[in-house]
Each structure stands twice: as C-alpha cells, then as structure tokens.
Amino acid sequence: MRIEIDNVAKGYPRADGSRLSVVGSLSTTIEAQEFVCVIGPSGCGKSTLLGLLGGLRRPDDGEIRFVGERTAAGPLTSIVWQDYALIPWRSIADNVGFGLELRGVPAARRREVAREHLTMMGIEAFADNKPHELSGGMRQRAGIARALASDPEVLLMDEPFAAVDAQTRTLLQDELLQVWSKHRKTVLFITHSIEEALLLADRIIVLGPRPTRVVEEIRVPFPRPRTRDVELDPRFTELKRHLWAQLRDATLAAEWAEAKGDR
Amino acid sequence: MSEQSVPTRERAPDEPVVRYAVDPRAERPPGRGFKLLSSGLGSMVPVVVVLALWQGGSMAGLIDKTFFPAPSECVQALVELFSSGELLPNVGITAQRILLGFLLGVIPATLLGIAMGRSRWVRVLIDPLIAITYPIPVVAILPLLLVIFGTGGRPIVVLAGIISFFPAVVNAMSGVLQVDERLILMARNLGAGRQQILWKIVLPGALPSIFAGIRLAAGLALLGTIAGEFLAASDGVGSMTWRYWQIYQIDNMYATLAVIAAMGFFLTTVTLRVQRRFFSWTEGQS
C-alpha cells in the first residue's frame with residue numbers, strides 16, 4: 001500500500017500550558033513495496049511520526065492516507081520496536097504468534113506460522129525460551145519475526161538496531177536485507193545512522209529539527225540485491241558526506257535546544 | 001599479515017611497580033561450615049541453639065521460669081492441649097476465620113484495585129477514601145464491628161477482611177499502573193482491543209504485584225483474626241492464648257503462641273512457594 005502523509009502536524013502540551021510543536025506540517029509519500037529510511041537529528045520527532053503511522057496517535061492537523069487494496073491478512077502496520085517490546089512472560093514462539101492470536105487464528109496454525117518465521121530469522125532453537133534468556137540481537141530477531149508473522153501491509157521500524165552492539169547490528173542489517181527481498185513489504189525504517197540508511201533504503205527522507213519537516217529526499221542509487229559492498233562504492237562516500245552536511249547543523253541546533261530544556 | 005609483534009621496552013631495574021597478583025584470601029570459596037548453615041536443614045541450627053540456651057538457662061535457674069518456662073515444658077503443655085482435644089477444634093475455628101476474612105477482603109480489593117488501575121475516574125473517586133481509611137489502625141474499629149455484627153465469629157472475620165483489604169487493593173492498583181506502557185502500545189499497534197489488552201497484557205503483567213498484595217493480605221488476615229480473638233471471642237487459638245494469660249498458665253500460653261507461629265509460618269511458606277512456581281519470569285524483563 002502507498003502511504004500519503006499530507007501536511008501532518010503533531011504537538012504536545014508543555015507543563016507551562018503552551019504547546020510544543022514536534023511535527024510541523026510534514027508531507028511525503030511512500031510508495032508500495034518501497035523501503036524508505038527516515039533520518040533526522042535526535043529529538044526531531046521521528047518517533048512521533050512513527051506513532052502516527054502506527055495508529056497509536058492521531059495528528060493535530062492534516063492526515064495520513066493508506067492507499068490501495070489490502071493484500072495482507074494482518075493489521076495495517078506493525079512496528080518493530082527499538083527496545084523489542086516482547087512480552088516477558090511469554091515464550092518467544094507465543095510472542096511471535098501474538099498478532100495472530102489477537103485476530104483469533106487457532107493455536108495450531110499460530111504455532112506453525114511462528115515456527116516458520118523463527119526459522120526465517122534463524123532463531124527456531126529459542127522458540128520455547130523466555131525473552132530475558134536471549135541476547136539483544138536474538139530478541140530483535142524475534143521482534144522482526146513477530147512483526148512479519150502478523151502479516152501487516154506496512155512494516156514500521158523504530159531504530160530497531162540502535163540497542164544492539166555494533167557487530168550484531170551488522171548481522172541484523174544483512175539479515176533484514178535478505179528477509180525483505182523475499183517479503184517486499186512497504187517499509188518505513190527510522191534510524192540515526194547514515195550508513196544504515198544508505199545500505200538499506202531505496203529512498204532516504206531527511207528530517208529537520210523541531211517542528212519537523214522534510215528537508216530533503218534522496219534516491220539511493222545502488223542496485224538490489226544489495227550487500228555490504230555498497231560501502232566501497234565512491235557514491236556511498238559522497239552521499240554520506242552530503243547527508244552529514246545536511247544533518248550536522250540540525251543536530252547541533254537540537255543539542256542546543258535540549259540543553260536549554262526545550263523538550 | 002605477519003606475526004611480527006610491536007617491540008617493547010625492557011623495564012629498568014629501579015622502575016616502581018604496582019602489582020595486582022593472585023590473592024588466595026580474596027578468592028576463597030565459602031567453607032564447609034558456611035555451606036552447612038546456609039542449607040535448608042542447616043538454617044535450623046540457630047533456632048535450635050536459641051532453644052537449647054533457653055532450655056539450659058531455665059533449668060539452671062538463670063531465667064525466671066514464671067515468665068519463660070523451659071521449651072520442654074511448653075512442648076509438654078502443647079501435647080496435653082492436643083490430647084485433651086482442646087487444641088484442634090480451636091485451630092480449625094481460627095483457620096476458618098482467617099480464610100473467610102482473607103477471601104472477604106482480598107476478592108473485592110483485587111477487583112477494585114484493577115478497576116482503579118485501569119480507569120482514572122475510578123481512581124480519582126476511590127483514592128481519597130482509601131487515603132483517609134488506610135491510616136486507621138483497624139483494630140481500633142473492633143468495638144464498632146462488635147456493635148454492628150454482635151459477638152461471635154462474624155466481627156472477627158470482618159476485621160480480618162478489612163485489614164487484608166488494604167494491601168490487596170493498593171498492590172493490585174499499582175501493579176496495573178506499572179504494566180509496561182510499551183507492551184500496551186505494541187498490542188494496540190497489532191490491533192488489540194481494550195478487552196484483549198486487559199486479559200493478555202495488563203492482568204498477566206500486574207499478576208506478580210497482585211500476588212504480592214495477596215501474600216501480605218494473608219499475613220494480615222492472620223493478625224486480624226488473632227487480635228479479634230484476643231478481645232472478642234470465646235473460641236479460637238487467639239482466645240486460648242488470652243485466657244491462659246489471664247489465668248496465668250504461662251506454659252499453655254506459650255504452647256498456643258507456638259501454634260499461631262506455626263500457622264503464620266505455614267501461610268508464608270505456601271504463598272512463597274506459589275510465587276516462585278508461577279512468577280519466575282519476573283526476575284528478567286522484556
């Protein structure tokens with residue numbers, strides 16, 4: 001499905017009664033089956049945008065439209081969370097089957113689908129473990145398995161690899177590329193890593209500081225299927241430098257704003 | 001790459017050095033004596049030692065027997081109370097009061113606590129009522145209960161119920177409020193409705209806290225029952241303790257105290273077992 005974000009604004013009330021505008025009149029379109037990365041300075045409202053797309057909050061102004069026939073059996077979106085959000089008292093398999101459980105899929109079928117997705121993520125051996133028994137990387141593999149097993153139209157990923165160590169992150173990025181090449185879901189992937197965005201995305205949307213707007217959209221030129229070798233492409237370095245130039249001032253401005261307590 | 005290593009400089013003979021080397025004392029594993037005392041049966045050793053000192057002190061005349069009769073005499077009194085048929089029916093009566101009071105307090109408290117955790121309207125209406133009644137020592141309202149419910153078992157059961165109500169309601173509410181907000185967002189994103197969030201996320205998430213409240217409530221139900229029996233009953237173990245104090249049969253009094261202690265120990269152990277059995281996952285998070 002195509003996502004049209006049309007002049008969306010979102011703010012929060014401050015303690016002193018005034019309003020903090022986080023997302024300010026943001027417009028962009030994400031095509032069906034496109035992999036889009038969103039980067040922006042910290043605190044710029046990336047997560048607020050994700051909450052809006054995930055149906056957890058409604059915009060103060062403008063609207064978000066999901067356009068096209070429903071092709072998946074599951075919810076409109078499913079989120080892969082930065083801190084995994086696995087249910088601690090459930091086994092990994094029961095976590096992965098949670099989305100199916102919510103829409104009344106019988107237990108036997110749930111187990112089957114869960115096992116399929118656990119195998120796809122290479123963690124079928126941990127089906128009966130509890131989340132706290134797994135490493136961060138394993139937990140996020142389970143998080144991705146849950147999101148895909150729910151069979152959404154759109155996959156929303158909120159800095160999914162920010163909490164794992166650098167080596168594991170590399171593995172997870174490669175695995176995501178592989179898995180995505182099979183599923184081809186529409187993906188909106190939030191990150192603060194320029195390299196990650198260049199490796200994964202068809203298109204990169206650069207957001208500015210609060211109130212967030214789209215600063216620039218860049219098409220990533222590397223062909224698919226992609227591997228880590230894109231990092232050796234001279235265009236990679238060039239784009240990286242360009243994106244950092246875009247982000248640098250905004251990041252500094254965000255740091256100043258935070259130091260002044262304007263959160 | 002070659003295996004060439006970075007050349008290092010020789011240390012000069014007079015260069016000062018701080019050494020961190022093996023310290024056998026720091027790494028010593030717990031010895032046999034410590035292991036024995038920390039084992040299940042070994043943990044009884046301090047108890048036995050205290051009892052033995054008491055027994056010895058009493059026999060040697062170091063401790064006043066009128067206040068502290070020797071443990072052996074208390075055991076003898078216990079056996080006599082048991083064989084005369086006085087003890088068991090009273091234990092049954094007390095146990096029944098504890099159980100009834102506990103259920104009377106805990107069931108509505110848990111339901112109300114969950115409702116308070118889920119709805120800020122219920123919370124804003126009920127919270128002030130709890131805040132002003134919680135600090136009242138519940139035993140102080142026993143006369144009121146006697147007026148309302150007459151004498152006999154009923155005011156005691158109600159007393160035990162009221163006293164076990166508070167920890168259960170407070171723990172149920174805070175358990176529901178402390179459920180990880182991210183899990184609720186996660187479920188909502190995947191299409192969960194309010195009922196599904198309640199049954200699949202909130203209640204299981206709050207269960208350890210709810211159960212902690214229930215454990216406290218069980219202990220307090222015992223406390224309330226015994227206190228009620230001291231003051232307002234002619235049967236039950238508590239009334240036996242009180243009566244033997246009044247007629248100054250101190251060994252019998254100690255025997256009934258031991259029975260009450262055993263009941264408390266039983267309650268604590270059973271509930272702790274249940275907790276460990278069902279809530280082992282609470283040791284780790286998401």
Open item on the list: Using the crude model of +1 on Lys and Arg Cβ and -1 on Asp and Glu Cβ, and no other charge, please compute the dipole size for chain A relative to its Cα centre, in debye to 20.
Closed with: 360
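Across chain B, where is the longest run that never hits chymotrypsin sites (Phe, Trp or Tyr not before Pro) in a DSSP loop with at most 11 other C-beta atoms within 10 Å?
Answer from the scan: B:68-247.
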TODO: Determine the shielding of peptide A:121-131 by partner chains: average, over its residues, the number of Cβ atoms on other chains within 10 angstrom of each Cβ.
DONE: 1
Open item on the list: Please identify the DSSP H helices in chain B that span no less than 30 Å along the helix axis (Cα) and have a mean Kyte-Doolittle hydropathy of 0.5 or more.
Closed with: B:87-118, B:154-177, B:203-232, B:250-278
- [ ] Would you order B:ASP235, A:ASP151 from fewest to most other beta-carbon atoms within 10 Å of each residue's own beta-carbon?
- [x] B:ASP235, A:ASP151
Task: Dipole magnitude of region B:88-279 about its Cα centre (Cβ charges: Lys, Arg +1; Asp, Glu -1), debye to nearest 20 - done: 740
TODO: Give the distance, in whole Å, between the Cα centre of region A:38-87 and the Cα centre of region B:190-212.
DONE: 23
- [ ] Specify which residue in the list B:GLY105, B:VAL179, B:GLY150 is farthest towards the positive end of the charge dipole of region B:88-279, using unit charges on the beta carbon of Lys, Arg (+1) and Asp, Glu (-1), about the Cα centre.
- [x] B:VAL179
- [ ] Name the most mobile residue of A:GLY137, A:GLY62, A:GLY208, meaning the one with the largest mean-square fluctuation, in a Gaussian network model of chain A with Cα contacts below 10 Å.
- [x] A:GLY62
Open item on the list: Can you list the DSSP H helices in chain A whose Cα atoms extend at least 27 Å along the helix axis and whose mean Kyte-Doolittle hydropathy is -1.0 or higher?
Closed with: A:234-259
TODO: With label points built 7 Å along Cα→Cβ from the Cα atoms of A:VAL214 and B:LEU129, find their separation and express it in nm.
DONE: 5.5
Task: Reach of A:LYS260 by Cα under 16 Å, taken over aspartates and glutamates that are not fewer than 8 positions away in the same chain - done: A:ASP16
TODO: Determine the shielding of peptide B:174-187 by partner chains: average, over its residues, the number of Cβ atoms on other chains within 10 angstrom of each Cβ.
DONE: 3
Open item on the list: Let me check against my output: what whole-number percent is the relative contact order of region A:79-152, with C-alpha pairs under 8 Å and at least 6 apart?
Closed with: 48
Open item on the list: Which order do the peptides B:202-208, B:155-161, B:35-41 come out in when sorted by mean C-beta neighbours inside 10 angstrom, highest first?
Closed with: B:155-161, B:202-208, B:35-41
Open item on the list: Which of A:ILE92, B:ILE214, B:ILE141 has the fewest other C-beta atoms within 10 Å, and how do the rest follow up to the most?
Closed with: B:ILE141, B:ILE214, A:ILE92
Task: Simple Cβ-charge dipole of the protein assembly as shown, Lys/Arg +1 and Asp/Glu -1, about Cα centre, in debye nearest 20 - done: 840
- [ ] Would you mind calculating the relative contact order of region B:88-279 from Cα pairs under 8 angstrom and at least 6 residues apart, reporting the percent as a whole number?
- [x] 28
Task: Sorted by Cβ neighbour density within 10 Å, fewest at the top, the residues A:ILE123, B:ILE130, A:ILE39 - done: B:ILE130, A:ILE123, A:ILE39
Task: Test item: A:97-106 mean partner chain Cβ contacts at 10 Å - done: 3
TODO: Answer rounded, prolate or oblate for region A:6-91, using the Cα gyration tensor with square roots of eigenvalues a ≥ b ≥ c: rounded when a/c is under 1.5, else prolate when a/b is larger than b/c, else oblate.
DONE: oblate
Task: Semi-axes of the equivalent ellipsoid for the protein assembly as shown, Cα gyration tensor, largest first, Å - done: 62, 34, 23
TODO: Quick one: among B:THR271, B:THR133, B:THR94, which has the greatest mean-square fluctuation in a GNM of chain B with alpha-carbon springs under 10 angstrom?
DONE: B:THR133
Open item on the list: For a test of the definition: using alpha carbon positions, the gyration tensor, and the 1.5 limit on a/c, classify chain B as rounded, prolate or oblate.
Closed with: oblate
Open item on the list: Within 10 Å of each candidate Cβ there may be at most 13 other Cβ atoms; applying that plus a DSSP loop requirement, which trypsin sites (Lys or Arg not before Pro) in region A:52-104 survive?
Closed with: A:ARG70
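Every number in this text was worked out from the coordinates using simple rules, so none of it is lab data. Owing to the predicted nature of the structure, the values given are computational and were not obtained by experimental measurement. All Cβ positions, glycine included, derive from the backbone under ideal geometry; neighbour counts span all protein chains shown.
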